[in-house]
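Q: Below is one structure. I have some questions about it.
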Amino acid sequence: MLIHEDRLFPAESCARDLAKALYASIKGLPIVSPHGHTQAAWFARNEPFPDPAMLFVQPDHYVYRMLYSQGIPLEELEIGKPQMNDPRKVWRIFASNYHLFRGTPTRIWLDFAFHQLFSLDRRLSAATADLYYDSISEKLRTPEFLPRALFERFNLEVLATTDSPLDSLTDHQAIRDSSWKARILPTFRPDPVVDPEFAGFAANIAELGQQTSEDTGNWRGYLNALSKARARFRFLGCTATDHGHPTPQTADLSTAEAEALFGRVLAGDADTHQQELFRAQMLTEMARMSLDDGLVMQIHPGSVRNHNLALYQRYGRDIGADIPRPTNYVDALRPLLDRFGNEPNLTIILFTLDESTYSRELAPLAGHYPCLRLGPPWWFHDSPEGMMRFRQQATGTAGFYNTVGFNDDTRAFLSIPARHDVARRVDCAYLAKLVTEHRLAEDEAFEVAHDLTYRLVKKAYRL
Amino acid sequence: MLIHEDRLFPAESCARDLAKALYASIKGLPIVSPHGHTQAAWFARNEPFPDPAMLFVQPDHYVYRMLYSQGIPLEELEIGKPQMNDPRKVWRIFASNYHLFRGTPTRIWLDFAFHQLFSLDRRLSAATADLYYDSISEKLRTPEFLPRALFERFNLEVLATTDSPLDSLTDHQAIRDSSWKARILPTFRPDPVVDPEFAGFAANIAELGQQTSEDTGNWRGYLNALSKARARFRFLGCTATDHGHPTPQTADLSTAEAEALFGRVLAGDADTHQQELFRAQMLTEMARMSLDDGLVMQIHPGSVRNHNLALYQRYGRDIGADIPRPTNYVDALRPLLDRFGNEPNLTIILFTLDESTYSRELAPLAGHYPCLRLGPPWWFHDSPEGMMRFRQQATGTAGFYNTVGFNDDTRAFLSIPARHDVARRVDCAYLAKLVTEHRLAEDEAFEVAHDLTYRLVKKAYRL
Amino acid sequence: MLIHEDRLFPAESCARDLAKALYASIKGLPIVSPHGHTQAAWFARNEPFPDPAMLFVQPDHYVYRMLYSQGIPLEELEIGKPQMNDPRKVWRIFASNYHLFRGTPTRIWLDFAFHQLFSLDRRLSAATADLYYDSISEKLRTPEFLPRALFERFNLEVLATTDSPLDSLTDHQAIRDSSWKARILPTFRPDPVVDPEFAGFAANIAELGQQTSEDTGNWRGYLNALSKARARFRFLGCTATDHGHPTPQTADLSTAEAEALFGRVLAGDADTHQQELFRAQMLTEMARMSLDDGLVMQIHPGSVRNHNLALYQRYGRDIGADIPRPTNYVDALRPLLDRFGNEPNLTIILFTLDESTYSRELAPLAGHYPCLRLGPPWWFHDSPEGMMRFRQQATGTAGFYNTVGFNDDTRAFLSIPARHDVARRVDCAYLAKLVTEHRLAEDEAFEVAHDLTYRLVKKAYRL
């Protein structure tokens, strides 16, 4: 058996029994996935997923990052190629190195998918590589494994994608126009047009102007264009924006200052500090627009993108070499909070890659400001231990009700049920511990388990 | 039952049994409370506490901070008003939102007080709000619930308050002059006269001069005045000072430099850097005076005060919007330690709001310098998990004997027994874990439990 | 009994039973000690160790640091003296204060040595001080307690020392020349000749020139000299370098810039920033040389050395007053990684004194770059809790196979078996937890236990 029915529950029997009971009560709840990186095109087209290597290895930087760290060249894994020459060979390399994932969440997610979706029950290894490859390939060609069928099988109530303001959203429109009534929503991620360091920044802004019939060469036109783009997203069900800035720095410049700064960044004359100031100002502008149109803001700061210069030059963004950096929220968010922090109708969900901020900054901020909520453990921190640390470090000050349920944040569609399953189990384990240590009554634990799994996410993301 | 007799003990039965035995051995020890924010006036006047809302909601920023974070306006809670118009309505709002406190230490403290003091055994909720309000109100009018009666019932051996150098201490004097022989001591907190950013700084210093008949317009007179104020506090039993600076920065300027800097801050001409330098210098001056008069220093750094500008402008200080910031001790303390770090007769107790410093800086510093001791987890970190993290992260390098027992640090008098009870239970749980993992002998655990509860605090605070 | 056979295993019985089984399977493996501070002279000369105080108190800054922190003057402990006047008196002070070590790893290591090596079974205290002193003294005079006999008894397969490039290595040569075939290897630690702040820096470089017949007054000659010194170490079995810089800052200057900078630091004209830049450049130079000669690099950053000025002035370096500081890896390592980060034949082992970097920076870096591996918890963090935190915080992203087994890092030869025993037990406890929570299969746990204890260290250090 690849997975055990009691996985991730505490070993101590009273706590385990209670964790199991809690989990049983929320196991059947639909999955609400308000933040992730799947592709609407999969569901618009509903074509079969390709082979196992293209499905499990190529899109998942958790997977090839680990293989690369142990000296396996990305070329051998055929990363970044639209089609693989020899996917079976790539799969065999992966299978032969599966032991590298021991102790990691990637291993848990993969075993879950192998077992639950593909009914495999021997461990992946060099010896079983071909068995896996053939079994998975065969299943992928069946109707039950088409994207829409899997969406339904996964019991997904909502699935949000992440999209550039320049995206045509035709795939989202196509899903709406189809007879298939699934709730797949875009998320407004304006980094390409608000981050002066984003490749093609000025061209992106020009394109935004064309799309919205606004003169994005000036500050007012640029803001109007963003506002129109947001409206276009909202029309297709979007309820949230997402901001992947290097830091959570915010600013509150006068219109004249902002106008002048915009001119400078657009002309490419801004230095590093001015680029950061522009991003900072744009967070506050986005908050202002959110007060108007109701979109929930997500701030995902703290990653040094493209840390590996050689790989970036060869493969471009998102190739597994983003590394977290210490992040300060208490000073960075102040300009925005001074302006809008007490607005009851604003929701800003904060994420972090710096766990030292959970108890020091994030829980105190979210435990005070009405507009702030804490996003779940993210990226490098979505392991069972990482999730447990989040609850242990944030709950004392922020409680449960300033948190917003789970984000799977994945590019790997097949890992969605596994990731939500892990989050649900860890929350049940945490609650079981509180009850067995007589810090929470049992009836309350059942209610909180339901809240964490379902109600809080729908409320926070306005779904 | 609101509270369980085994609460906060480990679920595993061997460890739980030992934790219970350890706790039984120290449960009856008197409470020594060397740091807190209760008011001497309560005990000087010995008048009944007002209604439940004025007792539990208004003074406790842990409580209204959480309610505010979920969108309940402070106006509805009648925060900051000398008298409430409708305390029952405030209480009902609190009761209806009691679920927000699930998983927080506030919930543990409140349930303890409700159960132990007011014999309530149904959970607080909208349904029980009036029952609670009436039961508590009735009891508060009885002699058993007068401040002095509660002080005795709580088995308080020492209770320290926190006081401005300008405070007349007449309430402390009145207690001394009364026939009631309780040990209630002032603590010398000079922030109003050593922090140039404190509201009314120059006027405070002028008043200090008048009170002490010193010319506080010059450096020497200012130092003399502080020395005299300290003597006045010591005369009423004070054994400690307390310093709530934004950072633990210290300095060791020449007399000429210090004199010039004092002139600048007093004239209001100092910039932010000079204000910080003045606070830094004053920590070293306070250490020097402590070597003379024996007062123990407490340094409580790391809080960004009044983070929420709108609330500060409306309500003033201490309204629940102080947020921790990363804190560096290793460089900041060096000037003071270079001067006095090896003095055997100096005691400086360090606190933190940045848990990442426990193992990295604080335990190594306290595990080396004879003058340094570690204060218990403070403020946002006094949850059961926070206390456990402190022991887990500090003990390896600092041991138990460079720590100083527990501080309740509370404004909520009725929470004192609950807070000490939590600390005692968590320490016993930690010790039980050490014993069941065969890292400490059982007889030693009993001795350490007693030390942590009683002996270390009396020794460190010279009580 | 001072030590229990189940020490450090989880209290819960299923996890404990499995931890015991895992431990039983790796208990008999030889000790590979690739990083430490024992002295080759002990094994070259094979003379009896002196008395208990010279053996256990004087060389172990973990021990006298704690005593000093509680007000015991170093003079009373006769620290820093080549011979003690009254070692029995020093021992009695230590014994009388043995309770200070409760809860610390030092206590575990000492009890292990007392029990396993000296068959003592009553606890050390004032009452047993003389019994201990006499028993240990007597045993130290027997052949079984000579350094080489202990080396064999400890089942040491490899023992690495740490040595200045200026060291003659005559003791290592003498061991090689003897009939005793133990594998004791030097480690190349160039701090005295690459850190401009090291006492005697310029003189050290001059001496390096003499030893290598290179003109170390110029950049090229200096690099040649270092290269020759490395070759001399390799000839005696050295497989690794070690770098104890204040920060992990690296640089990649042009030859002209590096040459000019070298001139400045050699002339003593460099400011603090330039000194740091020189150290930074030298890490990159060392990496370049490692690509040539295959030496594994160890980077041990983050310690503020000689924090206690008065003790440093009196006793010199390494007297127990080094304090960690926050450490940034993500920016600091970038210049070196931009140059060599993707080299498959380079190994750089990163250590930290800042636990907040485990999950934030170190695991993501080691989980991506092929040249990076994570060293075990170091110095203030080698407690059982510290080791457990390392696994809990690093494994999710870096897995097990980007780690390198255990370093004892000790000056106290007799503590080597105890320290490895603790590491093995904690790893088994961690693995047992993974298995009982169904996150790792039992057969895999046995394999990983063996890898962590033996195979990974040999592979990473190229032994």
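Q: Of all residues in region B:333-352, count the ones that are within 11 Å of another protein chain (Cβ to nearest Cβ) and part of a loop (DSSP other than H, G, I, E, B).
A: Quick first cut of region B:333-352, residues within 11 Å of another protein chain (Cβ to nearest Cβ) only: B:333-335, B:337-347, B:352.
If we keep only those that are part of a loop (DSSP other than H, G, I, E, B) too, we end up with B:333, B:341-347, B:352.
Looking only at that region, the number is 9.
Q: Continuing with the same structure: Name the one entry in A:191, A:130, A:134 that is more than 21 Å from residue A:91 (Cβ to Cβ) and away from every other protein chain (no Cβ under 14 Å).
A: Result: A:191 is the single residue among A:191, A:130, A:134 that is more than 21 Å from residue A:91 (Cβ to Cβ) and away from every other protein chain (no Cβ under 14 Å).
Q: Go through region B:242-259 and count every residue that is under 17 Å from the mean Cα position of the chain (by Cα) and among the charged types (D, E, K, R).
A: Of the residues in that region, 1 qualify.
Q: Criterion first (closer than 20 Å to residue A:34 by Cβ, modelled with pLDDT of 95 or more, at the interface with chain B (Cβ under 10 Å from one of its Cβ atoms) and assigned to a helix (DSSP H, G or I)) does residue A:362 satisfy it?
A: yes
Q: Condition first: under 21 Å from the mean Cα position of the chain (by Cα), closer than 29 Å to residue C:210 by Cα and touching a residue at least 60 places away in the same chain (Cβ under 8 Å). Can you find one or more residues in region C:136-153 that meet it?
A: No, because not a single residue in region C:136-153 is under 21 Å from the mean Cα position of the chain (by Cα), closer than 29 Å to residue C:210 by Cα and touching a residue at least 60 places away in the same chain (Cβ under 8 Å).
Q: Also, I was wondering about something else. If only one of C:292, C:331, C:271 is closer than 21 Å to residue C:218 by Cα, among the acidic types (Asp, Glu) and at pLDDT 95 or above, which one is it? Full working, then the answer.
A: Details: C:292 fails: closer than 21 Å to residue C:218 by Cα; C:331 fails: closer than 21 Å to residue C:218 by Cα.
Exactly one of C:292, C:331, C:271 is closer than 21 Å to residue C:218 by Cα, among the acidic types (Asp, Glu) and at pLDDT 95 or above, namely C:271.
Q: For residues that are among the small types (Gly, Ala, Ser) and in contact with a strand residue (DSSP E or B) (Cβ under 9 Å, 6 or more places away or on another chain), tally how many sit in region A:419-456.
A: The number of residues fulfilling the criteria is 0.
Q: Take region C:415-448 and flag every residue that is free of Cβ contacts under 8 Å to residues at least 24 places away in the same chain and either part of a helix (DSSP H, G or I) or more than 13 Å from every other protein chain (Cβ to nearest Cβ) (or both).
A: Restricting attention to region C:415-448, the residues satisfying the condition of being free of Cβ contacts under 8 Å to residues at least 24 places away in the same chain are C:434, C:437-441, C:443-444, C:447.
Those that are free of Cβ contacts under 8 Å to residues at least 24 places away in the same chain and either part of a helix (DSSP H, G or I) or more than 13 Å from every other protein chain (Cβ to nearest Cβ) (or both): C:434, C:443, C:444, C:447.
Q: Go through A:385, A:355 for me and flag whichever is within 14 Å of chain C (Cβ to nearest Cβ), part of a loop (DSSP other than H, G, I, E, B) and of a type outside the set (Phe, Trp, Tyr).
A: Result of the check over A:385, A:355: A:355.
Q: Does residue B:68 meet the test of being surrounded by 23 or more Cβ atoms within 10 Å (Cβ to Cβ), of a type outside the set (Val, Ile, Thr), over 24 Å from residue B:423 (Cα atoms) and out of contact with any strand residue (DSSP E or B) (no Cβ under 8 Å at 6 or more places or on another chain)?
A: Judged against the criteria, residue B:68 is a match.
Q: While we're here: Here are the criteria: (1) over 30 Å from residue C:318 (Cβ atoms); (2) within 22 Å of the chain's Cα centre (by Cα). Tell me which single one residue C:440 does not satisfy.
A: (2)
Q: Which one of the conditions (1) away from chain B (no Cβ under 13 Å); (2) touching a strand residue (DSSP E or B) at 6+ places or on another chain (Cβ under 8 Å) does residue C:380 fail to meet, given that it meets all the rest?
A: (1)
Q: Could you check, for region B:27-50, whether at least one of its residues is at pLDDT below 95 and more than 22 Å from the chain's Cα centre (by Cα)?
A: Yes, because at least one residue in region B:27-50 is at pLDDT below 95 and more than 22 Å from the chain's Cα centre (by Cα).
Q: Looking at A:177, A:167, A:171, A:191 in this structure, which one is buried (at least 19 other Cβ atoms within 10 Å of the Cβ), over 30 Å from residue A:264 (Cα atoms) and assigned by TED's automatic domain parsing to the domain that holds residue A:290?
A: Checking each option against the conditions leaves just A:171.
Q: In this structure, is residue A:311 modelled with pLDDT under 95 and either away from chain B (no Cβ under 14 Å) or surrounded by fewer than 24 Cβ atoms within 10 Å (Cβ to Cβ) (or both)? Don't jump to the end; show me each part of the working.
A: On the way: modelled with pLDDT under 95: yes; either away from chain B (no Cβ under 14 Å) or surrounded by fewer than 24 Cβ atoms within 10 Å (Cβ to Cβ) (or both): yes.
Yes, satisfied.
Q: So, one more: So which helices (runs of 4 or more DSSP H) are wholly in region A:186-295 and hold at least 3 residues that are within 22 Å of residue A:329 (Cα to Cα)? Outline the logic, then answer.
A: Numbers: elements: A:191-194, A:201-212, A:219-235, A:255-267, A:272-293.
Of the helices (runs of 4 or more DSSP H) lying wholly inside region A:186-295, those with at least 3 residues that are within 22 Å of residue A:329 (Cα to Cα) span A:272-293.
Q: When you scan region B:93-121, how many residues do you find that are over 26 Å from the mean Cα position of the chain (by Cα) and touching a residue at least 40 places away in the same chain (Cβ under 8 Å)?
A: Count: 2.
Q: Can you tell me which of C:390, C:400 is within 14 Å of chain B (Cβ to nearest Cβ) and not in a strand (DSSP E or B)?
A: After applying the criteria, what remains is C:390.
Q: Something else: Determine which member of the set B:377, B:384 is within 15 Å of residue B:108 (Cβ to Cβ), surrounded by 24 or more Cβ atoms within 10 Å (Cβ to Cβ) and in contact with a Lys or Arg (Cβ under 8 Å, 6 or more places away or on another chain).
A: So the residue among B:377, B:384 that is within 15 Å of residue B:108 (Cβ to Cβ), surrounded by 24 or more Cβ atoms within 10 Å (Cβ to Cβ) and in contact with a Lys or Arg (Cβ under 8 Å, 6 or more places away or on another chain) is B:377.
Q: Can you name every residue in region C:365-377 that is more than 7 Å from chain A (Cβ to nearest Cβ) and either closer than 21 Å to residue A:74 by Cβ or free of Cβ contacts under 8 Å to residues at least 40 places away in the same chain (or both)?
A: As a first pass, look at region C:365-377 and keep what is more than 7 Å from chain A (Cβ to nearest Cβ): C:371-377.
Scanning region C:365-377 gives C:371, C:372, C:373, C:374, C:377.
Q: Which ones in region A:16-27 are surrounded by 23 or more Cβ atoms within 10 Å (Cβ to Cβ) and either facing chain C (nearest Cβ under 8 Å) or closer than 20 Å to residue B:10 by Cβ (or both)?
A: A:18, A:19, A:22
Q: If we scan region B:288-309, do we find a residue that is at positive phi and in contact with a strand residue (DSSP E or B) (Cβ under 7 Å, 6 or more places away or on another chain)?
A: yes
Q: What number of residues within region C:63-118 satisfy the criterion of being within 26 Å of residue B:446 (Cα to Cα), of a type in the set (D, E, K, R) and within 13 Å of another protein chain (Cβ to nearest Cβ)?
A: 4
Q: Those residues that are of a type in the set (Val, Ile, Thr) and either within 30 Å of residue A:224 (Cα to Cα) or assigned to a strand (DSSP E or B) (or both), I need them from region A:111-167; list them, please. Quick ask: steps written out before the conclusion?
A: So in region A:111-167, the residues of a type in the set (Val, Ile, Thr) come out as A:128, A:136, A:142, A:158, A:161-162.
Across region A:111-167, the qualifying residues are A:158, A:161, A:162.
Q: Looking at region B:338-368, which of its residues are more than 21 Å from residue C:382 (Cα to Cα) and not hydrophobic (A, V, I, L, M, F, W, C)? Give the derivation first.
A: As a first pass, look at region B:338-368 and keep what is more than 21 Å from residue C:382 (Cα to Cα): B:338-354.
B:338, B:339, B:341, B:342, B:343, B:344, B:345, B:347, B:352, B:354, listed by residue number.
Q: Quick one: is residue C:369 crowded, with 23+ Cβ neighbours inside 10 Å and under 21 Å from residue C:409 (Cβ atoms)?
A: No: the conditions fail for residue C:369.
Q: I'm trying to understand the selection: among the residues of region C:314-336, which are buried (at least 20 other Cβ atoms within 10 Å of the Cβ), free of Cβ contacts under 8 Å to residues at least 40 places away in the same chain and within 27 Å of residue C:289 (Cα to Cα)?
A: Hit for region C:314-336 is C:330, nothing else.
Q: While we're here: Which residues, counting only those in region A:177-199, are more than 19 Å from residue A:242 (Cβ to Cβ) and either at pLDDT 95 or above or of a type in the set (Ser, Thr, Tyr) (or both)? Spell out the reasoning first.
A: Filtering region A:177-199 for residues more than 19 Å from residue A:242 (Cβ to Cβ) gives A:177-182.
A:177, A:178, A:179, A:180, A:182, listed by residue number.
Q: Moving to a separate point now. Give the residues of region C:179-221 that are among the charged types (D, E, K, R), under 30 Å from residue C:150 (Cβ atoms) and free of Cβ contacts under 8 Å to residues at least 40 places away in the same chain, sorted by residue number.
A: Selection gives C:181 alone.
The values are calculated or read from the model by the stated rules, or taken from the named source; none is laboratory data. Source: prediction; values computed, not measured. Reconstructed Cβ throughout: ideal geometry from the backbone, glycine too, with neighbour counts over all protein chains shown.
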